[in-house]
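Have a look at the structure below, then the notes.
The values are calculated or read from the model by the stated rules, or taken from the named source; none is laboratory data. Note that the structure is predicted; figures quoted are calculated from it, not measured. Neighbour counts are summed over all protein chains in view; Cβ atoms, including those assigned to glycine, are modelled from backbone coordinates with ideal geometry.
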């Protein structure tokens, strides 16, 4: 029983995201905002990276997200969820960045790869198996970048950030049914892209091509 109480005490005395942002709104509490940034830094950077495909720019964008949240702190509604507000700010900044790249013709699939994002425990896979896993991960990221941004956002929030459909609907301010239909269409497009990017497996044994034994 004592152990259970010890486990519960930190949760009871740890302020929620909503309590922290209230302190930021009402008191300009820098400590509260710092705690929010610490809690959400990794998820927001991860979202930005998967949306724009550039890990280095994602770090800059994540910092900009928190700066934007602080500037717009009074826009947060007391009866809302801070995470919804935060995801929305982050996605809008990602959309802005993607549009800037399109205007400048700077967007390139060559920017997508970050091997560190696929780091796996070295003792679990052989070098060849690890390379194969990295190549598969790179293919998925490349395909993800080919999706239109409104499909990409749904896939990232659902499959990488584990949001429920209703939560995604709140973030994107669209009906839940629209989220589900976008997800279905996105997965169909991803399947086509992955098939396009994945070379066919070599056939075993002897085969003939144009009358030549290869």
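Of the residues making up region 25-76, just one is outside any helix (DSSP H, G or I), surrounded by fewer than 18 Cβ atoms within 10 Å (Cβ to Cβ) and at pLDDT below 95, namely 28. Applying the condition of being touching a helix residue (DSSP H, G or I) at 6+ places or on another chain (Cβ under 6 Å) and touching a residue at least 12 places away in the same chain (Cβ under 8 Å) to region 14-24 and asking which residue is surrounded by the fewest Cβ atoms within 10 Å (Cβ to Cβ) yields 18.
Does residue 112 satisfy the criteria of being under 15 Å from the mean Cα position of the chain (by Cα) and modelled with pLDDT of 95 or more? Spelling it out, it is not the case that residue 112 is under 15 Å from the mean Cα position of the chain (by Cα) and modelled with pLDDT of 95 or more.
Would region 190-197 turn up any residue that is part of a helix (DSSP H, G or I), under 22 Å from residue 141 (Cα atoms) and at pLDDT 95 or above?
No - not one qualifying residue is present in region 190-197.
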